[in-house]
Amino acid sequence: MGLFSSAIGGYAVTTFQELLAEEREPVVIADRDGIILRVSPAFVRAYAWPPEAVLGHPLTVLIPGMLHDAHHLGFSRYATTGQPTILGQELDLELLTGDGRTVLARHFILAGEVDGAPCFAARISSRESKRD
């Protein structure tokens, strides 16, 4: 994975490997099937998700139900074609919190490998409270 060297959302855009190591910003790591492998301590604090409630679960636990189909479509399109449509861009998307709220969050997603397996890493920055 190459180096992204611009600034997005006030962050120095990093490599996939730097997102893997991130502790201070909310980050989610998922495998190629969309199963959550890791959440940063900052994600746990920002979005009220205890690690045991998300680790080993599909990304859809973090996504409002009405967006599940769009998520599955995009995920399978990338898996099938290998052509990224959203990677390396900022996306404002809804996120479910562990305490039941829906918030608007800015996602920055990169693809890479963990132990030789394809994975995704997303930095997720809260934008505003949308719905309680």
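FYI, it's all coordinate maths here, none of it is from the lab. Owing to the predicted nature of the structure, the values given are computational and were not obtained by experimental measurement. Reconstructed Cβ throughout: ideal geometry from the backbone, glycine too, with neighbour counts over all protein chains shown.
Taking amide H atoms as placed 1.01 Å from N in the peptide plane, the amide H of ARG127 lies under 5 Å from those of LEU104, ALA105, ARG106, each 5 or more residues away in sequence or on another chain. For ARG38, the residues whose modelled amide H falls within less than 5 Å of its own, excluding neighbours fewer than 5 places apart on the same chain, are ILE29.
FRET efficiency for the ARG45 to ALA21 pair, using the beta carbon distance and R₀ = 25 Å, is estimated at 0.90. Computed from phi, the 3J(HN,Hα) profile of the range 57-69 under the Karplus parametrisation 6.51, -1.76, 1.60 (θ = phi - 60°) reads 9, x, 4, 4, 5, 9, 10, x, x, 5, 9, 4, 4 Hz, with x in place of Gly and Pro.
Between SER126 and LEU55, full extension at 0.36 nm per residue minus the direct alpha carbon distance yields a gain of 23.5 nm. Take every Cα-Cα pair in the range 11-131 and report what % of them are more than 22 Å apart. Result for the distance tail: 26 percent. Here the label points at GLN83 and ARG38, each 7 Å from Cα along the C-beta direction, are separated by 3.2 nm in the simple model. Rounded to the nearest Hz, the phi-derived 3J(HN,Hα) couplings of the range 39-52 under the Karplus curve 6.51 cos²θ - 1.76 cosθ + 1.60 (θ = phi - 60°) are 10, 6, x, 5, 5, 4, 5, 5, 10, 6, 9, x, x, 5, where x marks glycine and proline. Taken about its Cα centre, the range 11-131 carries a charge dipole of roughly 300 debye when the Cβ of each Lys and Arg holds +1 and the Cβ of each Asp and Glu holds -1.
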